[in-house]
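Visitor: Please read through the structure below; I'll follow up with questions.
The values are calculated or read from the model by the stated rules, or taken from the named source; none is laboratory data. Everything numeric here is computed off the predicted structure, so don't read it as measured data. Every residue, glycine as well, gets a Cβ built from its backbone with ideal geometry; the counts of neighbours run over all protein chains shown. Quick note on the areas: whole protein, heavy atoms, side chains included, nothing else; ligands and nucleic acids left out. Shrake-Rupley method; radii C 1.70, N 1.55, O 1.52, S 1.80 Å.
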Amino acid sequence: MRSVLAIGAHPDDVELGCGATLLAHAAAGDSVTMLVMTGGENGPGDPAQVTGRRLEQEAAARSLGARLVWGGMRDCMLTADAGTVALIEGVLEETGADVVYVHAPDDSHQDHRAIASATQGAARRLSRVLHYQSPSTLSFSPTVYVDVTAHLTGKLHALGAHASQVDLSAMVEPDAVVASARHWGAQARIGYAEAFAPTRMVMDLAPVPRRRAEDVVPASHRLVPAPRLVG
Ligand SMILES: [Zn+2]
């Protein structure tokens, strides 16, 4: 069993970037933890919706089968300083994580850049550090892909928990999520994919027992088959 830690600056960042991959990890029996650094206080909506954002994040984590840890930091004020690195190091140590997912370093949002940088420092001894794409990511050249064909509906379900942001933000469009997954899937020569740019990705060649997706994915979370690739 792997221990997986996914880190995001704000509520819904992790779900958008790697939500379906986390579902695949959970289905494989891995232990999944999400570290959300801030409560998204500067996101869209009135104060009541901002307060509700924490509950939305808790519901989304539940639907992904993930444990949620709050970083307790201030939205739009994140820096890659010693305190942030130490906070991430503490969660890495507590979870024993051997796979880390985090924002891509080249991003127009300063919080995303800060968390990517702080995580590279905190996870400097880890063998698998993978960066995911956000709507505000700038350059992104993925080389690692996860087949999420069986989990894309579950990702959309988790994103649906973030009603205060999904309804108010053009950044979170279900159609765009599906189109993006199909785009990365076509690049990876599979159905639907989430894509990652690694800082490091050490291959593990130990034999793993085979499990079929049909055995572990509930019917309500199954997506229509991906279109067949031609050529
Ligand atoms: Zn964000």
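Visitor: Could you please state how large a percent of the accessible area of region 3-204 is carbon and sulfur, counting protein chains only and using a 1.4 Å probe?
Guide: Numbers: 4390 of 8050 Å².
Accessible surface attributable to carbon and sulfur in region 3-204 totals 55 percent.
Visitor: Further question: To the nearest 20 debye, what is the magnitude of the charge dipole of the chain about its Cα centre, counting +1 on the Cβ of each Lys and Arg and -1 on the Cβ of each Asp and Glu?
Guide: Details: 19 positive and 25 negative charges, 169 e Å.
Charge dipole, the chain, about its Cα centre: 820 debye, nearest 20.
Visitor: Here is a further query. Residue by residue, what Karplus-based ³J(HN,Hα) values in Hz, rounded to whole numbers, does region 145-161 have, using 6.51, -1.76 and 1.60 with θ = phi - 60° and x for Gly and Pro?
Guide: Per residue, the Karplus-derived 3J(HN,Hα) values read 10, 10, 6, 10, 3, 7, 10, 5, 4, x, 5, 4, 5, 5, 5, x, 5 Hz.
Visitor: Still on this structure, I have one more. Note down the relative contact order for the chain as a percent, whole number, built from C-alpha pairs under 8 angstrom at least six residues apart.
Guide: Numbers: 455 pairs, mean separation 55.0, N = 231.
Result for the chain is 24 percent.
Visitor: Per-residue counts of other Cβ atoms within 10 Å, averaged by peptide: what ranking do you get for 185-193, 173-181, highest first?
Guide: By packing density, highest mean first, the sequence is 185-193, 173-181.
Visitor: Given region 3-204 reduced to its alpha-carbon atoms as identical point scatterers, what log10 I(q)/I(0) does the Debye formula return at q = 0.08, 0.13, 0.15, 0.18 Å⁻¹?
Guide: Computed log10 I(q)/I(0) values: -0.22, -0.62, -0.85, -1.30.
Visitor: Hey, another quick one. Considering only SER134, MET203, GLY121, whose Cα is most displaced toward the positive end of the charge dipole of the chain, charges sitting on Cβ of Lys, Arg (+1) and Asp, Glu (-1)?
Guide: MET203
Visitor: Report, by chain and number, residues whose modeled amide H sits under 5 Å from the one on LEU68, excluding near sequence neighbours (fewer than 5 apart, same chain).
Guide: Amide H neighbours of LEU68, under 5 Å, 5+ apart: MET34.
Visitor: Label region 16-72 by shape, choosing from rounded, prolate and oblate, from the square roots a ≥ b ≥ c of the eigenvalues of the Cα gyration tensor; if a/c is under 1.5 it is rounded, and otherwise prolate applies when a/b is larger than b/c, oblate when it is not. Don't jump to the answer; show the numbers that get you there.
Guide: On the way: a/c = 2.62, a/b = 2.31, b/c = 1.13.
Here region 16-72 falls in the prolate category.
Visitor: Determine ³J(HN,Hα), in whole Hz, for all residues of region 29-34 in sequence, where each value follows from phi through the Karplus function 6.51 cos²θ - 1.76 cosθ + 1.60 and θ = phi - 60°; x replaces Gly and Pro.
Guide: Along region 29-34, the couplings run x, 7, 8, 10, 10, 10 Hz.
Visitor: Using amide H atoms built in the peptide plane, which far-off residues or other-chain residues are under 5 Å from THR199 H to H?
Guide: Correct list: VAL129, LEU130, HIS131.
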